[in-house]
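First the structure, in the form of structure tokens, and then the observations on it.
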Ligand code: PGA
């Protein structure tokens, strides 16, 4: 009943030409899937990717944005600007934004509200660090991020939400959480959303992210609460990203 959603987070990779080429390579490889396919280029390559993806089943998202619509905010990009480029999704609160750019649960929540205002589907990232996991704080940390970052929605809005559980220690490290560990935390996220939004939590799509590859996607997707993946490194290669999207084919 929840449609799987697999998104590629390109991070700070790909010029306009490279973005166009990657989307062109991807189109025939993912054309037959029922999975919702999203690519998130850097701001500068969004228009090129969106143009290349036009008419295909590949949707485009941004990796971040600012919550104000316009104004004296040097260097920032707003929701209306993303819509203008053809974006339908926006990643919010990625751990790299939290770590290097001082994002907090409070800024995540402001961006969440702005995303709904502009009809952008938010992909909100949560995740614990290695130190927090080793200290046995995983569920407390995740619970706090979910309550604070995702509060204030109407149940109808909550249904549209996409959450990405990305343990920080698994991002770009080659270490994937075991499918069972990912399922445990993701089930807890759904339970927390249930306390916040009741039955709407059953409709929320929750992705796993952190070193997702063609080799581990099938086991992850077999878990009852895992509805997709947020893919970094492996999304930069058309063949591996397509193999992840087409996880059900083998
Ligand atoms: P990774 O990144 O797949 O390269 O680990 C995932 C992410 O940060 O979204």
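The values are calculated or read from the model by the stated rules, or taken from the named source; none is laboratory data. Model, not experiment: these values are computed from the prediction. Heads up, the Cβs are rebuilt from the backbone with ideal geometry, glycines too, and the neighbour counts pull from every protein chain shown.
A few remarks follow.
- Selection status of residue 210, in contact with a helix residue (DSSP H, G or I) (Cβ under 7 Å, 6 or more places away or on another chain), at pLDDT 95 or above, under 21 Å from residue 95 (Cα atoms) and surrounded by 24 or more Cβ atoms within 10 Å (Cβ to Cβ): yes
- For the stretch 127-137, the set of residues classified as out of contact with any helix residue (DSSP H, G or I) (no Cβ under 6 Å at 6 or more places or on another chain) and either free of Cβ contacts under 8 Å to residues at least 24 places away in the same chain or under 15 Å from residue 190 (Cβ atoms) (or both) consists of 131, 134, 135, 136, 137, listed by residue number.
- Of everything in the stretch 221-233 that is within 12 Å of the ligand (Cβ to nearest atom) and farther than 26 Å from residue 156 by Cβ, the residue that is surrounded by the fewest Cβ atoms within 10 Å (Cβ to Cβ) is 233.
- Criterion: near the ligand (Cβ under 10 Å from one of its atoms) and over 18 Å from the mean Cα position of the chain (by Cα) - qualifying residue of 175, 213: 175
- Test result for residue 1, more than 17 Å from residue 120 (Cβ to Cβ) and under 17 Å from the mean Cα position of the chain (by Cα): no
- Applying the criterion of being under 18 Å from residue 249 (Cβ atoms) and either touching a helix residue (DSSP H, G or I) at 6+ places or on another chain (Cβ under 7 Å) or in a helix (DSSP H, G or I) (or both) to the residues of the stretch 26-45, the residue that is farthest from the ligand (Cβ to nearest atom) is 28.
- Among the residues of the stretch 149-163, those that are more than 15 Å from residue 119 (Cα to Cα) and over 15 Å from the mean Cα position of the chain (by Cα) comprise 151, 152, 155.
- Test result for residue 103, within 17 Å of the chain's Cα centre (by Cα), assigned to a loop (DSSP other than H, G, I, E, B) and free of Cβ contacts under 8 Å to residues at least 24 places away in the same chain: yes
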